[in-house]
Amino acid sequence: MKNINDPKQLLVSAIESGTVIDHIPASTLFKVIKILGLDKIRNQITFGTNLNSKTDGKKAIIKIASKFFEDDDINRIALVAPNAKLNIIKDYQVIEKRVVSVPDTITAIAKCMNPKCITNFEKVTTRFRVVSKKPVALKCHYCEKITDQERLEII
Amino acid sequence: MKTRSLVSIDDLNTDEIAKILKLAAEFEKNPVQEILSGKVVATLFFEPSTRTRLSFESAVNKLGGKVIGFTDASSSSVSKGETLNDTIRTVNNYADMIVMRHPIEGSARYASEIATVPVINAGDGANQHPTQTLLDLYSILKTQGTLDHLNICMVGDLKYGRTVHSLLMAMSRWSTSFNFVAPDELKMPDEYKLYLDNLGLEYKETADLASVIDNADIIYMTRVQRERFSDPMEYEKVKNAYVLYDHMLSGTKTGMKILHPLPRVNEINPDVDSNDKAYYFEQALNGVYTRQAIICMLLGLK
């Protein structure tokens, strides 16, 4: 709560009501935007990136006005922003804080890195079992190959 | 009722593997039975194979079933651009079971989700070939009398060899020790060594075949393919280091057997063939009994 109100942190202006997603790695900001479909909604959105963070190096922050996420939706970003923290804002106040957690299975988000996998040939919904949460490693339900954090591509 | 498919060796628990091996032994005693009469098995080979396809067809024929299918993709609608999804949905109407080999990895799992009849994976690219693993296990059990406390010496291409990876994973269910004999470019990948480390199973890596074979209960030979080497000079240097000759076997254990998934090229010298320790052709025959067992189990007939 303090951080949000701390003037030094106000590089991105405050919102009256909505969701603030903080501690996104600067390098994956646009993946987060894509996964949450923020490029397709009409809500007012402000974001900042390459901000200094004591814990994360360069981080990004997104503020979405009048938007609240279900856990299942928000956990989808855990793949690319495992340390992301959510602040739910009402009347400029943080009324709830949430963290994301990597789910045990990942469906229809990630692309299998194996060029010989059936999911890269036919219209098959990708499915992975999460074999490691930190760093993320996904085992393809079909070809059984591991897609790791470095080679992770969001569909 | 959800039908049962066999896509990956991990689809089976240890009891089910034991059951298949026991059934295979029964079929070996009595391979001709009318268990599959009235049943149709489709063998869809999107890429060519000799042993796997023929042994499946032999297994079905001996049990009184009928086989339909194709032996390579060019003689199927795939050559007209049909998707695997459509091919499987269609064939599903004509057969009680689908046996398929396909070059794309994960294709068999996908097919098993589309089909309402059981699907047996007869090889999906470099991924899985569970019936080969089961016939290897059957061959080991039959010749050694047990699957426990054996030393398995794997030789040749341990990096890309699908059969050695599956066999390693399967044998790691018992207390097995391994020797890996491979040129530097074709060494066993770290993920498999890590897997054994986590289970506390012993293994040794060497490039010197002669130094480890006397200790082996099973020598599992594989082909070292020229095209796997980035530097052809490297291939020329190592190609003879992984060839088994009859004279090398004099100090090996009495009950030791040599397995090879076949086809072989030159990695087992023909002078080994007449040695009692050569088992690769019997191993290929065991494929028929093992596949009879798998087919009957998946169809719920045994």
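The values are calculated or read from the model by the stated rules, or taken from the named source; none is laboratory data. None of these values were measured; they are calculated from a predicted model. All Cβ positions, glycine included, derive from the backbone under ideal geometry; neighbour counts span all protein chains shown.
Among the residues in the range B:50-69, are any within 21 Å of the chain's Cα centre (by Cα), within 13 Å of chain A (Cβ to nearest Cβ) and not in a loop (DSSP other than H, G, I, E, B)? Within the range B:50-69, none of the residues are within 21 Å of the chain's Cα centre (by Cα), within 13 Å of chain A (Cβ to nearest Cβ) and not in a loop (DSSP other than H, G, I, E, B).
List the strands (runs of 3 or more DSSP E) that sit entirely inside the range A:93-155 and contain at least 1 residues that are away from every other protein chain (no Cβ under 14 Å) and surrounded by 13 or more Cβ atoms within 10 Å (Cβ to Cβ). Break it down stepwise before answering.
On the way: elements: A:93-99, A:105-107, A:127-133, A:136-140, A:146-148.
Fully inside the range A:93-155 and qualifying: A:93-99, A:105-107, A:127-133, A:136-140.
When B:GLU113, B:GLU105 are screened for being surrounded by 22 or more Cβ atoms within 10 Å (Cβ to Cβ) and farther than 18 Å from B:GLY287 by Cβ, only B:GLU105 passes. Scanning the range B:38-49 for residues that are assigned to a loop (DSSP other than H, G, I, E, B) and among the small types (Gly, Ala, Ser) yields a total of 2.
When the range B:186-206 is examined, which residues are found to be under 21 Å from the mean Cα position of the chain (by Cα) and exposed (fewer than 15 other Cβ atoms within 10 Å of the Cβ)? Across the range B:186-206, the qualifying residues are B:PRO189, B:GLU191.
If I filter the range A:78-92 down to residues being of a type outside the set (Lys, Arg) and either part of a helix (DSSP H, G or I) or surrounded by fewer than 18 Cβ atoms within 10 Å (Cβ to Cβ) (or both), which single residue comes out as nearest to the other protein chains (Cβ to nearest Cβ)? Working first, answer last.
Let us first name the residues in the range A:78-92 that are of a type outside the set (Lys, Arg), namely A:78-84, A:86-89, A:91-92.
Imposing the further condition that a residue be either part of a helix (DSSP H, G or I) or surrounded by fewer than 18 Cβ atoms within 10 Å (Cβ to Cβ) (or both) reduces the set to A:78-79, A:83, A:88, A:91-92.
On the way: A:ALA78: 24, A:LEU79: 20, A:ASN83: 26, A:ILE88: 39, A:ASP91: 49, A:TYR92: 50 Å.
Here the residue is A:LEU79.
Among A:LYS134, A:LYS123, A:LYS111, A:LYS85, which is the only one that is in contact with an Asp or Glu (Cβ under 7 Å, 6 or more places away or on another chain) and outside the structural domain of A:ILE21 (by TED's automatic domain parsing)? Testing whether each residue is in contact with an Asp or Glu (Cβ under 7 Å, 6 or more places away or on another chain) and outside the structural domain of A:ILE21 (by TED's automatic domain parsing) leaves just A:LYS111.
Yes or no: B:ASN85 of a type outside the set (Val, Ile, Thr), free of Cβ contacts under 8 Å to residues at least 12 places away in the same chain and either assigned to a strand (DSSP E or B) or not assigned by TED's automatic domain parsing to the domain that holds B:LEU262 (or both)?
Numbers: of a type outside the set (Val, Ile, Thr): yes; free of Cβ contacts under 8 Å to residues at least 12 places away in the same chain: no; either assigned to a strand (DSSP E or B) or not assigned by TED's automatic domain parsing to the domain that holds B:LEU262 (or both): yes.
Taking the combined requirement at face value, the residue does not satisfy it.
Taking the criterion of being assigned to a strand (DSSP E or B) and under 21 Å from A:LEU152 (Cβ atoms), the residues of the range A:58-77 that qualify are A:LYS58, A:LYS59, A:ALA60, A:ILE62. Of all the listed residues (A:LYS40, A:LYS63), the sole one being assigned by TED's automatic domain parsing to the domain that holds A:SER13 and over 23 Å from A:HIS23 (Cβ atoms) is A:LYS40.
Checking each residue in the range B:223-247 for being surrounded by fewer than 12 Cβ atoms within 10 Å (Cβ to Cβ), under 16 Å from B:GLY161 (Cβ atoms) and modelled with pLDDT of 80 or more picks out no residue at all. Kindly indicate whether B:ASP271 is within 21 Å of B:MET154 (Cα to Cα), assigned by TED's automatic domain parsing to the domain that holds B:VAL224 and not in a helix (DSSP H, G or I). Against the criterion (within 21 Å of B:MET154 (Cα to Cα), assigned by TED's automatic domain parsing to the domain that holds B:VAL224 and not in a helix (DSSP H, G or I)), B:ASP271 does not qualify. Within the range B:101-140, the set of residues being over 25 Å from B:ILE219 (Cα atoms), more than 14 Å from chain A (Cβ to nearest Cβ) and within 17 Å of the chain's Cα centre (by Cα) comprises just one member, B:ILE120.
Scanning the range B:72-95 for residues that are buried (at least 17 other Cβ atoms within 10 Å of the Cβ), within 23 Å of B:LEU298 (Cα to Cα) and either modelled with pLDDT under 95 or within 14 Å of another protein chain (Cβ to nearest Cβ) (or both) turns up B:LEU84, B:THR87, B:ILE88. Candidates in the range B:248-261 are the residues that are assigned to a loop (DSSP other than H, G, I, E, B) and crowded, with 18+ Cβ neighbours inside 10 Å; of these, the one that is modelled with the lowest pLDDT is B:PRO261. B:VAL119 satisfies every condition listed in (1) closer than 23 Å to A:HIS141 by Cβ; (2) among the hydrophobic types (A, V, I, L, M, F, W, C); (3) surrounded by fewer than 22 Cβ atoms within 10 Å (Cβ to Cβ); (4) at pLDDT 95 or above except (3).
Confirm whether A:ALA65 is out of contact with any helix residue (DSSP H, G or I) (no Cβ under 7 Å at 6 or more places or on another chain) and either under 30 Å from B:TYR110 (Cβ atoms) or within 14 Å of chain B (Cβ to nearest Cβ) (or both). Taking the combined requirement at face value, the residue does not satisfy it. Quick check on the range A:89-101. Is at least one of its residues among the aromatic types (Phe, Trp, Tyr) and under 30 Å from B:ASN121 (Cα atoms)? No - not one qualifying residue is present in the range A:89-101. You will find that of B:ILE35, B:ILE98, the residue that is of a type outside the set (Ser, Thr, Tyr), away from chain A (no Cβ under 14 Å), in a loop (DSSP other than H, G, I, E, B) and surrounded by 16 or more Cβ atoms within 10 Å (Cβ to Cβ) is B:ILE35 and no other.
Based on what the data block shows, is B:SER177 assigned by TED's automatic domain parsing to the domain that holds B:ILE219 and farther than 20 Å from A:CYS143 by Cβ?
Details: assigned by TED's automatic domain parsing to the domain that holds B:ILE219: yes; farther than 20 Å from A:CYS143 by Cβ: yes.
Yes.
Just one of the numbered conditions (1) buried (at least 16 other Cβ atoms within 10 Å of the Cβ); (2) closer than 26 Å to B:PRO48 by Cβ; (3) at pLDDT 95 or above is not true of B:VAL272: (2).
A quick yes/no check of all residues on (1) under 22 Å from A:PRO135 (Cα atoms); (2) within 12 Å of the chain's Cα centre (by Cα):
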position: A:LYS40; (1), (2): no, no
position: A:GLY48; (1), (2): no, no
position: A:THR55; (1), (2): yes, no
position: A:ALA60; (1), (2): yes, yes
position: A:LEU79; (1), (2): yes, yes
position: A:PRO82; (1), (2): yes, yes
position: A:ILE88; (1), (2): no, no
position: A:GLU96; (1), (2): no, no
